[in-house]
């Protein structure tokens with residue numbers, strides 16, 4: 001029987017290959033189980049909603065940040081559809097800026113169409129990567145995102161979204177999702193939707209500090225304005241009407257937002273130049 005260093009090395013290699021194959025098999029099993037849980041528990045995750053949207057043609061796609069999210073809480077979307085006689089899908093996300101909105105709509109259009117995009121626009125969306133690239137990279141966004149080649153292609157189209165491909169393709173966020181068995185709703189919907197808050201000046205200042213932590217860098221603001229303009233062009237070329245809404249803000253709160261009045265003027269002018277429907 002042959003023996004020696006060469007034989008021993010060959011045995012170690014085979015064992016190593018077998019170990020890797022077993023590991024890959026176990027990982028694939030975990031991936032498949034995580035994917036099944038996505039379809040069982042998925043509800044409000046925006047990638048899940050797009051991937052499982054029952055209709056091909058919609059009248060309105062809603063995007064934006066937290067001001068737009070309550071229109072999808074509980075049975076609000078159904079009530080809006082019944083009242084307006086239209087088909088609506090809400091793809092807004094908490095703290096969502098221009099780039100997340102572009103990504104969601106682009107992915108949506110891979111298998112669906114819409115006549116309008118209704119964008120609830122906040123000034124903080126233009127002021128920081130925290131609300132743009134960082135929101136796209138949030139692991140919670142992919143924790144319940146079903147595998148879809150169309151989403152792979154959408155992420156690949158944008159350099160700022162490409163870093164999320166390894167996580168999405170590997171299913172890492174799905175496999176390691178600690179809330180895999182919990183309802184797929186935000187805390188705002190689950191706990192706060194029926195809460196009435198008393199105005200508290202300290203909490204208002206705290207929220208402003210969180211949303212506008214530093215004085216905005218002009219180059220950063222311009223980059224996201226350019227991204228917004230490109231988003232408007234993207235929709236216009238596809239015959240989709242963009243409607244921009246500046247949501248109402250309590251006066252006590254609006255007065256604390258830096259440059260809010262100037263932002264309103266600039267957005268109104270931008271909308272006029274880009275042939276965007278604008279409602280303040």
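Derivation of every value follows stated rules applied to the coordinates shown; laboratory data play no part. The structure displayed is predicted, hence computed values, not measured ones. Cβ placement follows ideal geometry from the backbone for every residue including glycine, while neighbour counts extend to all protein chains displayed.
Tabulated data
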item: Calculated FRET value between residue 74 and residue 222, using beta carbons and R₀ = 35 Å, to 0.05; result: 0.35
item: Value of relative contact order over the chain, rounded to a whole percent, pairs C-alpha under 8 Å and six or more apart; result: 22
item: Extension reserve of the residue 215-residue 181 stretch, reckoned as 0.36 nm per residue once the Cα distance is removed; result: 8.2 nm
item: Cα-only Debye scattering, segment 178-280: base-10 log of I(q)/I(0) at q = 0.10 Å⁻¹; result: -0.46
item: Hydrodynamic radius (Kirkwood) for segment 193-232, which is based on Cα pairs only, to one decimal in Å; result: 12.9
item: Footprinting exposure proxy for 252, 46 (fewest neighbouring C-beta atoms within 10 Å first); result: 252, 46
item: Inter-part distance where segment 136-213 and segment 44-97 are each reduced to a Cα centre, Å; result: 16
item: Spherically averaged projected area of segment 53-191 from its Cα convex hull (nm²); result: 8.7
item: Ranked list, fewest to most other Cβ atoms within 10 Å of each Cβ, for 195, 52, 186; result: 195, 52, 186
item: Residue order, fewest to most beta carbons within 10 Å, for 158, 60; result: 158, 60
item: Gain in span if fully extended, residue 229 to residue 21, counting 0.36 nm per residue against the direct Cα distance; result: 70.0 nm
item: Förster-model FRET efficiency, 30 Å R0, residue 94 and residue 30, C-beta, rounded to 0.05; result: 0.60
item: Max mean-square fluctuation residue, GNM over the chain, Cα-Cα springs under 10 Å, options 83, 232, 143; result: 83
item: Value of [θ]222 nm, deg cm²/dmol, for the chain, DSSP H segments ≥ 4, -39500 (n - 2.57) each, nearest 500; result: -15000 deg cm²/dmol
item: Hydrodynamic radius by Kirkwood, which averages 1/r over all alpha carbon pairs of the chain, in angstrom; result: 21.0
